[in-house]
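Everything below concerns the one structure shown next.
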Amino acid sequence: MNAAVEKFGRIVDRQLEQRPKLARGLLTTAYRLNGWAGRHVFKKTTPARLELASVCNDVIIRPFVHPQQSVMVSLFTPCELLQTFGMAPMFPEALSAYLSGAGAERGFIDAVEKRGIPETFCSYHKILLGAAETGVLPKPRFIFNTTFVCDANTLSFRRLAKFYGVPHFVLDVPNGQDEAAVTYVAEQLRDCGAKMSSLLGKPLDETALRQAVQRSGQTLAAYQAYLKVRAQKSMPDEMTSEMYAVFALHVLLGSPEALRFAQGILQGAEDAPARGKEVRLLWVHTLPHLDTAMIDLLDFNPQCQILANDVCFDAPAVTDFSDPWRAMARRLVENNLNGPAQRRIDAVLTKAKELHPDGVVWFCHWGCHHTGGAAQLARAQLEAAGFPTLVLDGDGCDRSNCPPGQMTTRMQAFLELLEGKHDSVHL
Ligand code: SF4
């Protein structure tokens, strides 16, 4: 970690017990500066990705300064409903990654482990719980999460709803992909919409909702088109860009900003030079984008590029928007990550056959049972199909779970192996 960030994190840590509001103020100021620097100083990535980074930064600040306009959600929660009510989402992966980016994760993790949360729990959720229970993250208007994919959700959101004393909406998503499951989820969404409307004292604008859901479809379609073009282009970038894309393709779906992002990177890919001899990776799950050694290895490296991340092509192509409730429900039910792990593996394999990466990295984030549990099965199947696969254990936000150099050593060895294969293929 860079020395200034480390020092800042320690300053925030020292405020947690006695002065959580001061810690909140320090973090908010740091994120404002980060937003300014992103727009004016660190302009290495493409314009579409820069604009998205700025949007994401604003989304992170909002729950700290306008908590009553903010809703705590899980990553897969359809947020078009919130947009129609003028509410902003906040979700564990992003919030925790930002707190960790400020060097401040340790204090939050220690705080909740002392309150009985096991060390083995997902670190994104530990940081979120710590931020809430130390008083740094103020009370949101309500909580809205799915039961989908992530088992940590069920514990954290129920605990936080009780801790804050706020209304809690839960979307139960069945494992199966049939029409009955779509109907079941669509009915719950309607019910949530009606209850949110009465809670907020605002009528639900179905026309605005339909337009937002339609924009979601256009955004996902543009992103898929981008991936097709990207497969033939050289576009070195940073790991954080993939994390911002996860933002746009989930909780920001339906917003004009997310659509602009997807159309912008498609244009960027069309304008990019043709692919060269670089090693190309397909990434699965979250990324260790705060690990300094991994940053040195992967960020803006023309010789090694990440083509795509499976959490950015997880949603099905929904084309019927006549009933926005069913369209949102279908996106959840038919998501690649819903149901048995084999569905996710099949989706990664299909995308690998389209994008032709040199290798696949299956990143097992600390405490994530869904990803870790499928890792060896995935590796066996991907390798049988001709895609060398690295199962990489690490942590996307808790540096203490990433001993310096350990992840990088394995990653370097994997890249060397791919370079050998690559040279023989591209000679
Ligand atoms: S990393 Fe896994 S356990 Fe953690 S929030 Fe994401 S899906 Fe849930």
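Please tell me if ASP237 is open to solvent by 20 Å² or more (accessible area, probe 1.4 Å), assigned to a loop (DSSP other than H, G, I, E, B) and either farther than 22 Å from PHE387 by Cα or modelled with pLDDT of 95 or more (or both).
Considered against the rule, which asks whether it is open to solvent by 20 Å² or more (accessible area, probe 1.4 Å), assigned to a loop (DSSP other than H, G, I, E, B) and either farther than 22 Å from PHE387 by Cα or modelled with pLDDT of 95 or more (or both), ASP237 comes out as yes.
In the list LEU252, LEU220, which residue meets the criterion of being more than 18 Å from ILE306 (Cα to Cα), at pLDDT 95 or above and in a loop (DSSP other than H, G, I, E, B)?
LEU252
Quick grid of which residues meet (1) hydrophobic (A, V, I, L, M, F, W, C); (2) more than 23 Å from ALA97 (Cα to Cα); (3) open to solvent by 30 Å² or more (accessible area, probe 1.4 Å):
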residue	(1), (2), (3)
ALA347	yes, yes, no
THR389	no, yes, no
GLY394	no, no, no
LEU417	yes, yes, yes
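Can you tell me which of LEU297, LEU282 is open to solvent by less than 20 Å² (accessible area, probe 1.4 Å) and in contact with a helix residue (DSSP H, G or I) (Cβ under 9 Å, 6 or more places away or on another chain)?
None of the others qualify; the one that does is LEU282.
Yes or no, residue by residue, for (1) outside any helix (DSSP H, G or I); (2) under 21 Å from the mean Cα position of the chain (by Cα); (3) more than 16 Å from the ligand (Cβ to nearest atom); (4) under 28 Å from VAL182 (Cα atoms):
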| position | (1), (2), (3), (4) |
| --- | --- |
| GLY339 | yes, yes, no, yes |
| VAL348 | no, yes, no, yes |
| LYS353 | no, no, yes, no |
| PRO357 | yes, no, yes, no |
| TRP362 | yes, yes, no, no |
| ALA374 | no, yes, no, yes |
| LEU392 | yes, yes, no, no |
| THR408 | no, no, yes, no |
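Would you mind finding the one in VAL55, VAL59, VAL12 that is in a helix (DSSP H, G or I), in contact with an Asp or Glu (Cβ under 8 Å, 6 or more places away or on another chain), among the hydrophobic types (A, V, I, L, M, F, W, C) and at pLDDT 85 or above?
VAL55
Run down GLN177, GLN211 and say which single residue is open to solvent by 60 Å² or more (accessible area, probe 1.4 Å) and either in a helix (DSSP H, G or I) or modelled with pLDDT of 95 or more (or both). So that I can check it myself, show each step before the final result.
Values: GLN177 fails: either in a helix (DSSP H, G or I) or modelled with pLDDT of 95 or more (or both).
Answer to the selection: GLN211.
Are any residues in the stretch 119-152 open to solvent by less than 10 Å² (accessible area, probe 1.4 Å), within 14 Å of the ligand (Cβ to nearest atom), in contact (Cβ under 8 Å) with a residue 60 or more places away in the chain and not aromatic (Phe, Trp, Tyr), and if so, which ones?
SER123, HIS125, LYS126, ILE127, ASN145, THR146, ALA152
May I ask you to list pairs of residues, at least six apart or on different chains, whose Cβ atoms are under 8 Å apart, with the first in the stretch 70-99 being open to solvent by 10 Å² or more (accessible area, probe 1.4 Å) and the second being aromatic (Phe, Trp, Tyr) and more than 15 Å from the ligand (Cβ to nearest atom)?
TYR98/TYR31
Just one of THR120, THR183, THR146 is out of contact with any helix residue (DSSP H, G or I) (no Cβ under 6 Å at 6 or more places or on another chain), hydroxyl-bearing (Ser, Thr, Tyr) and within 25 Å of ALA248 (Cβ to Cβ); which is it?
Values: THR120 fails: within 25 Å of ALA248 (Cβ to Cβ); THR183 fails: within 25 Å of ALA248 (Cβ to Cβ).
The conditions single out THR146.
Just one of GLY107, GLY116, GLY103 is in contact (Cβ under 8 Å) with a residue 40 or more places away in the chain and either surrounded by fewer than 22 Cβ atoms within 10 Å (Cβ to Cβ) or not in a helix (DSSP H, G or I) (or both); which is it?
From the options GLY107, GLY116, GLY103, the qualifying one is GLY103.
Any idea which of (1) within 16 Å of the ligand (Cβ to nearest atom); (2) open to solvent by less than 60 Å² (accessible area, probe 1.4 Å); (3) closer than 24 Å to MET328 by Cα; (4) not hydroxyl-bearing (Ser, Thr, Tyr) is the one ARG158 doesn't satisfy?
(2)
The values are calculated or read from the model by the stated rules, or taken from the named source; none is laboratory data. All values derive from a computational prediction rather than experimental measurement. Positions of Cβ are backbone-derived with ideal geometry, glycine not excepted, and every protein chain shown enters the neighbour counts. Accessible surface is based on the protein model in full, side chains and every heavy atom, while ligands, DNA and RNA are left aside. Shrake-Rupley method; radii C 1.70, N 1.55, O 1.52, S 1.80 Å.
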